[in-house]
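Q: My questions all concern the structure below.
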Amino acid sequence: MARKKVIVGNWKMNNTIKESLEFINNMKYKMDTNIVDVGICPQYLALSKIKEETKGTNIKIGAQNVHFADNGAYTGEVSTKMLEELELDYCIIGHSERRQYFNETDETVNKKLHKVLQTGMIPIVCVGEVLKEREENIHFEVVEKQVEAAFKDIEILEIQKCIIAYEPVWAIGTGKTATSVQAEEMCKYIREIIANLYSKEVAEKVRIQYGGSVNSGNAKEILNMPNIDGALVGGASLKVEFIEIIKAV
Ligand code: 13P
């Protein structure tokens, strides 16, 4: 069976609650489709209202991060239990900005993944190399290590629920997109890693997105690649342009 494409907007630390609602209200009918899975990950405070606002549409809503504990003395953190109350669809895990600025490691990514898989949310697990690693030609090794660590002790039935996002760090927010060939090459490699860890059949089911300066101009070419099943979009998801990316599918 063909894998359904999935386009998710990661709004990062942008848009107040009011701005988030305005955006969704203006765009929700244009984003409401069942040909492709469309999701938005707004900031935490807007989640509940955005979820309400999109009720009755096909738009999926996700969190950008979560903690791996259920509750406790973790000032400033939010647990899966809290997110579950909102009946969210997605939860991004291990985004490179979390790894870079908030000291997330492969180990915490794995812990979070285990936790999210106990909920109804679909995890979007991010991996990707930094520029230096690509220049040193160790990007395949780096991504392989990240994938293996993220999916440590994840069962065969669980991995099939996951989405993996390949986001080369050097392409995020830089306007420097990986070429469709570079993106396809790594997404294909990730599928091979999953095939080795689980089975070829399972690997064929897992959806792998590309992320990094995806916009209305390059989306079509990227999304046409056989191993790229969608996009995780940052900057362009904050604009009307996001609709064009959805249409590119
Ligand atoms: P940009 O699309 O702004 O490069 O961000 C990509 C990203 O990090 C999505 O998670």
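Q: What are the pairs with Cβ atoms under 7 angstrom where one residue, in the stretch 35-46, is surrounded by 23 or more Cβ atoms within 10 Å (Cβ to Cβ) and at pLDDT 95 or above and the other, located anywhere, is polar (S, T, N, Q) and in a strand (DSSP E or B)? Sequence gap at least six, or different chains.
A: The qualifying pairs are C41/N10.
Q: What's the total number of residues in the stretch 220-237 that are surrounded by fewer than 18 Cβ atoms within 10 Å (Cβ to Cβ) and among the aliphatic types (A, V, I, L, M)? Lay out the reasoning, then the answer.
A: Here is the first cut: in the stretch 220-237, the residues surrounded by fewer than 18 Cβ atoms within 10 Å (Cβ to Cβ) are 220-221, 224-226.
Those still in the list that are among the aliphatic types (A, V, I, L, M) too: 225.
Number of matching residues: 1.
Q: From the list Q160, Q182, exactly one residue is away from the ligand (no atom under 16 Å from the Cβ), at pLDDT 95 or above and either surrounded by 15 or more Cβ atoms within 10 Å (Cβ to Cβ) or within 29 Å of Q118 (Cβ to Cβ) (or both). Which is it?
A: Numbers: Q182 fails: away from the ligand (no atom under 16 Å from the Cβ).
Within the list Q160, Q182, the selection yields Q160.
Q: Any chance the stretch 126-133 includes a residue that's within 16 Å of the ligand (Cβ to nearest atom) and free of Cβ contacts under 8 Å to residues at least 12 places away in the same chain?
A: Looking only at the stretch 126-133, we keep the residues that are within 16 Å of the ligand (Cβ to nearest atom), and these are 126-131.
Filter again for free of Cβ contacts under 8 Å to residues at least 12 places away in the same chain, leaving none.
Scanning the stretch 126-133, I find no residue that is within 16 Å of the ligand (Cβ to nearest atom) and free of Cβ contacts under 8 Å to residues at least 12 places away in the same chain, so the answer is no.
Q: Test of understanding: among K60, K51, K4, which residue is loosely packed, with under 14 Cβ neighbours inside 10 Å and either within 16 Å of the ligand (Cβ to nearest atom) or among the basic types (K, R) (or both)?
A: When all the criteria are applied, what remains is K4.
Q: Still on this model: How many residues does the stretch 163-179 hold that are among the β-branched types (V, I, T) and either modelled with pLDDT of 95 or more or under 16 Å from the mean Cα position of the chain (by Cα) (or both)?
A: Step one: filter the stretch 163-179 for residues among the β-branched types (V, I, T), giving 163-164, 169, 172, 174, 177, 179.
Those still in the list that are either modelled with pLDDT of 95 or more or under 16 Å from the mean Cα position of the chain (by Cα) (or both) too: 163-164, 169, 172.
Of the residues in that region, 4 qualify.
Q: Restrict the check to the stretch 79-100 and report whether at least one residue is within 17 Å of F151 (Cβ to Cβ) and part of a loop (DSSP other than H, G, I, E, B).
A: The initial filter retains those residues of the stretch 79-100 that are within 17 Å of F151 (Cβ to Cβ), namely 91-95, 99.
Subsequent filtering for residues that are part of a loop (DSSP other than H, G, I, E, B) retains 94-95.
Yes, that holds for at least one residue.
The values are calculated or read from the model by the stated rules, or taken from the named source; none is laboratory data. Everything quoted here is computed from the prediction, not taken from an experiment. Using ideal geometry, Cβ is built from the backbone for each residue, glycine included, and neighbour counts are taken over all protein chains shown.
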